[in-house]
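J.: Quick one: structure below, then a few questions.
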Amino acid sequence: MHSDNKIKLFEKQQKIYPKRVWGKYRKIKWLIMFITLGIYYFAPWIRWDRGLNAPDQAILLDIPNSRGYFFFIEIWPQEVYYITGLLIIAAVGLFLVTSLFGRAWCGYICPQTVWTDLFVWVERIFQGDRQKRMQLDQSSFSFNKFWRKLATHLTWIFIGLITGGAWVFYYNDAPTLMSQILNFDVPWSVTGWIVALTGSTYLLAGFGREQVCNYMCPYARFQSAMFDEESLIICYDEFRGEPRSAYKKGASWEGRGHCVDCKICVHVCPAGIDIRNGLQMECIACGMCIDACNNVMDKLSLPHGLVRYDTELKHKLREKHIEESVHILRKRTTYYISILLIATTIMLYGLASRSPIELHVLHDRNPMFVQLTAHKIRNGYDIKILNKTHEDKSYTLSVSGLDKVEVRVAGAGIMRTDNLKVFADSVGHFRVFLTSYRQKKLRQNFTFYVEDVKTKIKKQKDSIFVSGTE
Amino acid sequence: MVPNDNNKNIDEHTGIETTGHEWDGIKELNNPSPRWWVWLFLVTIIWAIGYWYVYPAWPTLSGDGFRGGTKGSIEWNQYKQLEESQNEIFSRRAENLAQFQKTSFEDILNNQQLYAFAVAGGKSAFKENCAGCHGSGAGGAKGYPNLNDDDWLWGGSIDNIYLTIKHGIRADNPNTRSSTMPAFKGILEEETMKKIAAYILSLSKGYRYTAEGKTSYEQMCLYCHGKDGIGNTSLGAANVSDSIWLHVEDSNPGIVSQIENPQHGVMPAWEGRLDDATIRQLAVYVHSLGGGE
């Protein structure tokens, strides 16, 4: 089939002008914005004393030295499983919150939401509320329009700048970097990150907005998998609201619904949807429409809750006039809670049992063993001792499980097996030769031990002594 | 398909415009991408054009340009990048290398930094130049000595190892190490050789031997291989009192064959092929393998 008509090549973004709201959920949203931004901007400035040989920043990802610090926790690159654990806990925690409270994350805590909210607030300061902003956009170019737009965008860029600026403090010593920034003496990598994050903040919160949730965010799409009938959603009570129509003061409510079709719920919506059409993919459950509708209900002396946080189940039952309370513990949430408990327990156990020493032993593969004169056989090992403390340490190396064995540490100068020195927070690499006679088995299992000379903390590792080929 | 007033094809079921493409009654809906996405797509195309201009991008049929391709305006390529980074490494190494060349072996063996530097450099030079015969782990093979053990033909001190690498063994070099064991075929009876071999095996394994074997050994072999068969590193005479054999099996026939018609190994002199610093690094590395004296 052939057609000459023009086909749209792209979907034009419908600009949304969220109207200002007052109310309970708006207050919560302001409060959460205050707390989350506060944590984000100020957390890198918290100090945490770790002694002389380590940085004193509480939260620091030290990439050049490959260490991660979080208050009393310090991890090495190979301990990235702690981060995996943290991510699992965060993910399952998010799933649990989603199955209980719906898109609470999206509506209140997600950085995209928080910064967009902040940017809309800036927009309102310089350009006025919804109506004025719409008029300004439609008006032709004027000095008034110019300075209002300019001030908005400059403020956005400024917010972006301190956002990107705060990010780099998590990877560098904050006070040092701050003085570098003030002196315009910043490494290009840091400048690059600041510029990139300023740009992404400006673009995503200034222009992307709800499109990020609708087109980019994978979580927005797959979280429906965590919903069930009893997850909180924003619900328009159509049994009470319909049939809707405009209302004249003093008229009777008989034979009509409580919705007066004022469209305030649509005007305040940051996603630009009409919640009265039911639950929609775009809805981030921020509750602004609830606040807006409740304010209208107050004016009409009607009860709150025409639009409300509700569950699908309760909503269905309400049609039959049955009131049911929400079950917190149900199959889905029990699963999430169990997974969360298991993951947290494993993580805490891992952290609590983390040893200040780590020992790695690599038996030589080429050659597997060396036949010496006088019937002796020598095996070589690469041994790494990880000193995870912040002081220089001495260790004793010993073996058990081999007969008549001579342990020799190779290296420059005189190396003693009872005094292997490893610097603070680093890896000691030693070449170790074991010389002995042919063992009972061609591949004899035995154990290496290292012991901290001072604290007597031990660590062991099994290895093999090869006496010959079959 | 219901063409509407604006002459658009609207799908009945969804109310969405179609592209007009149809396969067996299945129609393609037009759900367009957002505009910013389309712009980004265009920007990447424009970016690619700039990239082709700046960097080597297109192969050419002739060999014109760098290895048969466009050069790009900045004439960057991976080979130049490699050269630059190698020069950087060489200049970084220069300081350590100068220090290393000024220091005697004895001092290097007591200096952790220089020792680690020499072992690392020697290790890579070994893999490049020596591993072909001695194996990447220096474990050797038949005819090529194992450099990990404590059995040295020409001495296992670091100075001796250095001289061996530098001048080679039976090599084309005025200072090369050289010695020849005579072939005893025709000089000694087969039976005598077997008895000598039995005596030699007894040194490492404690087997029984004949007095005649011992006497013959002392007459014929002792001068080079020494009393009790411990060898002589200044002559390159092997230690025959251990179980380590370079050319033959650890058995009576093996030893007899070596007495009858000895095999001699050859190692090239590395002087002139490698610079002195590399040879010294190799000496430190081979010494570090565990058998060094």
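J.: Checking the structure you have, find out if any residue of segment B:247-268 is in contact with a helix residue (DSSP H, G or I) (Cβ under 7 Å, 6 or more places away or on another chain), within 14 Å of another protein chain (Cβ to nearest Cβ) and closer than 26 Å to B:PHE126 by Cβ.
T.: No, segment B:247-268 contains no residue that is in contact with a helix residue (DSSP H, G or I) (Cβ under 7 Å, 6 or more places away or on another chain), within 14 Å of another protein chain (Cβ to nearest Cβ) and closer than 26 Å to B:PHE126 by Cβ.
J.: Determine which member of the set A:CYS286, A:CYS265 is in a loop (DSSP other than H, G, I, E, B), outside the structural domain of A:GLU123 (by TED's automatic domain parsing) and touching a helix residue (DSSP H, G or I) at 6+ places or on another chain (Cβ under 7 Å).
T.: A:CYS286 is the lone residue from the list that is in a loop (DSSP other than H, G, I, E, B), outside the structural domain of A:GLU123 (by TED's automatic domain parsing) and touching a helix residue (DSSP H, G or I) at 6+ places or on another chain (Cβ under 7 Å).
J.: Only one residue in A:LYS24, A:LYS15 is within 14 Å of another protein chain (Cβ to nearest Cβ) and surrounded by fewer than 17 Cβ atoms within 10 Å (Cβ to Cβ), so which one is that?
T.: Just one listed residue meets the conditions, A:LYS15.
Yes or no, residue by residue, for (1) under 39 Å from the mean Cα position of the chain (by Cα); (2) crowded, with 17+ Cβ neighbours inside 10 Å; (3) of a type in the set (Ser, Thr, Tyr); (4) not assigned by TED's automatic domain parsing to the domain that holds A:ASP49:
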site	(1), (2), (3), (4)
A:ILE383	yes, yes, no, yes
A:THR396	no, no, yes, yes
A:PHE423	yes, no, no, yes
A:THR455	yes, no, yes, yes
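J.: Turning to a different aspect of this structure: For A:ILE414, indicate whether it is of a type in the set (Val, Ile, Thr), touching a residue at least 12 places away in the same chain (Cβ under 8 Å), within 14 Å of chain B (Cβ to nearest Cβ) and more than 30 Å from A:TRP76 (Cα to Cα).
T.: Judged against the criteria, A:ILE414 is not a match.
J.: How many residues does segment A:351-376 contain that are surrounded by fewer than 19 Cβ atoms within 10 Å (Cβ to Cβ), touching a residue at least 12 places away in the same chain (Cβ under 8 Å) and within 14 Å of another protein chain (Cβ to nearest Cβ)?
T.: 5
J.: Within segment B:253-268, is there a residue that is β-branched (Val, Ile, Thr) and loosely packed, with under 14 Cβ neighbours inside 10 Å?
T.: yes
J.: Follow-up question, since we're still on this one. What single numbered condition from (1) within 19 Å of A:LYS24 (Cβ to Cβ); (2) out of contact with any strand residue (DSSP E or B) (no Cβ under 6 Å at 6 or more places or on another chain); (3) buried (at least 16 other Cβ atoms within 10 Å of the Cβ) fails to hold for A:ILE275?
T.: Just one mismatch for A:ILE275, condition (2).
J.: Here is a follow-up. So A:LYS384 clears everything in (1) more than 16 Å from B:ASN148 (Cβ to Cβ); (2) in a strand (DSSP E or B); (3) within 14 Å of another protein chain (Cβ to nearest Cβ); (4) not hydrophobic (A, V, I, L, M, F, W, C) except one condition, right? Which one?
T.: Only one criterion is unmet by A:LYS384, namely (3).
J.: Say whether the condition of being under 30 Å from B:PRO56 (Cβ atoms), small (Gly, Ala, Ser), part of a helix (DSSP H, G or I) and over 13 Å from the mean Cα position of the chain (by Cα) is met by at least one residue in segment B:98-107.
T.: No, because not a single residue in segment B:98-107 is under 30 Å from B:PRO56 (Cβ atoms), small (Gly, Ala, Ser), part of a helix (DSSP H, G or I) and over 13 Å from the mean Cα position of the chain (by Cα).
J.: Can you find even one residue in segment A:237-257 that is away from chain B (no Cβ under 14 Å), in contact (Cβ under 8 Å) with a residue 60 or more places away in the chain and acidic (Asp, Glu)?
T.: yes
J.: Does segment B:130-161 hold any residues that are over 30 Å from B:SER216 (Cα atoms), in a loop (DSSP other than H, G, I, E, B) and more than 14 Å from every other protein chain (Cβ to nearest Cβ), and which are they?
T.: Correct list: B:SER157 only.
J.: Could you please give the count of residues in segment A:24-59 that are in a loop (DSSP other than H, G, I, E, B) and either among the polar types (S, T, N, Q) or not assigned by TED's automatic domain parsing to the domain that holds A:TRP167 (or both)?
T.: Within segment A:24-59, residues that are in a loop (DSSP other than H, G, I, E, B) and either among the polar types (S, T, N, Q) or not assigned by TED's automatic domain parsing to the domain that holds A:TRP167 (or both) number 1.
J.: So which helices (runs of 4 or more DSSP H) are wholly in segment B:162-272 and hold at least 2 residues that are within 24 Å of B:ASN146 (Cα to Cα) and touching an Asp or Glu at 6+ places or on another chain (Cβ under 8 Å)?
T.: Correct list: B:190-205.
J.: Right, another one. For segment A:21-43, which positions are touching an Asp or Glu at 6+ places or on another chain (Cβ under 9 Å) and either farther than 27 Å from A:ALA285 by Cβ or not charged (D, E, K, R) (or both)?
T.: Result: A:VAL21, A:TRP22, A:GLY23, A:TYR25, A:TRP30, A:MET33.
J.: Being at pLDDT below 90 and closer than 30 Å to A:ARG209 by Cα narrows it down to one residue among A:GLY278, A:GLY250; which is it?
T.: A:GLY278
J.: Only one of A:ARG354, A:ARG416 is among the basic types (Lys, Arg), part of a loop (DSSP other than H, G, I, E, B) and under 39 Å from the mean Cα position of the chain (by Cα); which?
T.: A:ARG354
J.: Sort through A:GLY428, A:GLY380, A:GLY413, A:GLY401 and tell me the only one that's on the phi > 0 side of the Ramachandran plot and in contact with a strand residue (DSSP E or B) (Cβ under 9 Å, 6 or more places away or on another chain).
T.: A:GLY401
J.: Okay, moving on. Pick out the one residue from B:LYS227, B:LYS166, B:LYS205, B:LYS185 that is of a type in the set (Lys, Arg) and at pLDDT 95 or above.
T.: B:LYS166
J.: State whether the residues of segment A:316-336 include one that is of a type outside the set (S, T, N, Q), at negative phi, within 14 Å of chain B (Cβ to nearest Cβ) and surrounded by fewer than 16 Cβ atoms within 10 Å (Cβ to Cβ).
T.: No, every residue in segment A:316-336 fails to be of a type outside the set (S, T, N, Q), at negative phi, within 14 Å of chain B (Cβ to nearest Cβ) and surrounded by fewer than 16 Cβ atoms within 10 Å (Cβ to Cβ).
J.: State which residue pairs qualify: first residue over 23 Å from A:LYS15 (Cα atoms) and inside segment B:35-48, second residue exposed (fewer than 10 other Cβ atoms within 10 Å of the Cβ) in any location, beta carbons under 7 Å apart, and separation of 6 or more residues or different chains.
T.: Every condition considered, no pair remains.
J.: For segment A:242-301, which positions are of a type in the set (Asp, Glu), closer than 18 Å to A:TRP22 by Cα and touching a Lys or Arg at 6+ places or on another chain (Cβ under 9 Å)?
T.: Within segment A:242-301, just A:ASP291 meets the criteria.
J.: Pairs needed: first member in segment A:452-470, on the phi > 0 side of the Ramachandran plot; second member anywhere, of a type outside the set (Asp, Glu) and at pLDDT 95 or above; C-beta distance under 9 Å; at least 6 residues apart or different chains.
T.: Filtered contacts from segment A:452-470: no entries.
J.: Please verify whether segment B:22-45 includes one or more residues that are away from chain A (no Cβ under 14 Å) and over 30 Å from A:ALA412 (Cα atoms).
T.: The answer is yes; a qualifying residue exists.
J.: Can you pull out every residue in segment B:280-293 that is more than 17 Å from B:GLN99 (Cβ to Cβ) and assigned to a helix (DSSP H, G or I)?
T.: Listed by number, the residues that qualify are B:LEU282, B:TYR285, B:VAL286, B:HIS287, B:SER288.
J.: Might you let me know whether segment B:57-76 holds any residue that is in a helix (DSSP H, G or I) and either at pLDDT below 95 or at the interface with another protein chain (Cβ under 10 Å from one of its Cβ atoms) (or both)?
T.: no
The values are calculated or read from the model by the stated rules, or taken from the named source; none is laboratory data. Keep in mind that what you see is a predicted model, and the values were worked out from it rather than measured. Glycine also receives a Cβ, built like all others from the backbone with ideal geometry; neighbour counts cover every protein chain displayed.
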